[in-house]
Every structure is written in structure tokens, then in C-alpha cells.
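Read through the structure below, which is laid out as C-alpha cells, and then see the notes.
The values are calculated or read from the model by the stated rules, or taken from the named source; none is laboratory data. Remember, predicted model here, so these are calculated numbers, not experimental data. Ideal geometry is used to build each Cβ from the backbone, glycine not excepted, and the neighbour counts take in all protein chains shown.
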Ligand code: DGP
């Protein structure tokens with residue numbers, strides 16, 4: 001399958017990986033939009049949120065728990081952070097392998113405060 005995130009999950013393409021287990025991989029975004037910009041993906045190829053099945057509930061829950069762990073390890077727990085999942089064209093989805101953006105290290109809203 002010609003999917004860049006499947007290739008990262010399989011170790012065929014390099015990435016700055018912060019976490020890897022049988023179900024999930026987390027790595028730094030190639031084009032960071034914040035001082036901390038991580039992507040958390042399931043190793044299973046799921047194209048979009050619209051393609052989730054009931055059997056994916058556990059892995060989606062684990063994605064949120066991993067986001068929590070990574071946010072803390074990146075020092076984001078005091079000031080907070082943003083979690084985003086883009087879906088299809090109007091959502092701004094570029095890579096069609098489900099991924100959770102973890103953004104932090106600067107105010108994510110405007111005006112900051
Ligand atoms: P989205 O627009 O939600 O589909 O976000 C896709 C993100 O993936 C985007 O912020 C850039 C990032 N990205 C695309 N290709 C690569 C890659 O090869 N490596 C890494 N680390 N990130 C990538």
C-alpha cells in the first residue's frame with residue numbers, strides 16, 4: 001500500500017519517533033506548526049475518522065492516553081496543548097492515514113492570553 005504513514009509505522013521511511021508499540025506510533029511532524037508538533041497514528045491503516053469500526057474503539061482510546069503521556073513528557077501539562085484530527089478535504093486532511101496532531105509550546109488561539 002502506498003501510504004507514507006504505513007511506511008513510517010513499518011520503519012521503511014525514517015521519522016523522529018518518540019513512541020512505538022504494536023498498535024501505535026508517535027513521531028514529530030515534518031512541517032511543525034508549533035514548538036511541539038507530534039503525530040500519533042495507529043499502525044493499522046485507517047483512512048479517516050469516517051472509516052472507524054467498533055473494533056477500533058480500544059486503539060482510539062489508547063491514542064488519547066498516549067497523547068496525554070507525550071504531552072506530559074514534552075512539558076505541556078501546565079500550559080496545555082491542542083489535539084486535532086483532520087478529516088477529508090474540508091478538514092484539511094493531507095495524509096489519508098488517520099492521525100492525531102498534538103500541538104503545543106505556544107498559544108494555539110488568537111489573540112493569545
Ligand atoms: P493532515 O493535514 O492532518 O493530513 O496532516 C498531515 C501532516 O503530516 C502534516 O502536518 C505534515 C505531516 N507529514 C506529511 N508527510 C510526512 C512525512 O513523511 N513525515 C513526517 N514526519 N510528517 C509528515
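Here are the numbers for the structure shown:
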| read-out | value |
| --- | --- |
| Boolean, residue 89 is within 11 Å of the ligand (Cβ to nearest atom), under 24 Å from residue 4 (Cβ atoms), more than 14 Å from the chain's Cα centre (by Cα) and modelled with pLDDT of 95 or more | yes |
| Residue in the stretch 76-98 that is closer than 20 Å to residue 17 by Cβ and assigned to a helix (DSSP H, G or I) present | no |
| Some residue of the stretch 47-65 being under 23 Å from residue 11 (Cβ atoms) and in a loop (DSSP other than H, G, I, E, B) | yes |
| Sole residue being surrounded by 11 or more Cβ atoms within 10 Å (Cβ to Cβ), away from the ligand (no atom under 13 Å from the Cβ) and within 13 Å of the chain's Cα centre (by Cα), chosen from 32, 42 | 42 |
| Residue among 24, 70, 83 that is closer than 20 Å to residue 1 by Cβ and at pLDDT 95 or above | 24 |
| Residue selected from the stretch 4-22 under the condition exposed (fewer than 15 other Cβ atoms within 10 Å of the Cβ) and part of a loop (DSSP other than H, G, I, E, B), by the criterion farthest from the chain's Cα centre (by Cα) | 12 |
| Yes/no for residue 111 being in a loop (DSSP other than H, G, I, E, B) and away from the ligand (no atom under 13 Å from the Cβ) | yes |
| Residue 37 vs. criteria touching a residue at least 40 places away in the same chain (Cβ under 8 Å), over 11 Å from the mean Cα position of the chain (by Cα) and within 16 Å of the ligand (Cβ to nearest atom) | no |
| Tally of residues being touching a residue at least 24 places away in the same chain (Cβ under 8 Å), within 9 Å of the ligand (Cβ to nearest atom) and in contact with a strand residue (DSSP E or B) (Cβ under 9 Å, 6 or more places away or on another chain) across the stretch 1-29 | 3 |
| Pair list, Cβ under 7 Å, 6 or more apart: the stretch 84-96 residue over 16 Å from residue 33 (Cα atoms), other residue near the ligand (Cβ under 8 Å from one of its atoms) and part of a loop (DSSP other than H, G, I, E, B) | 87/93 |
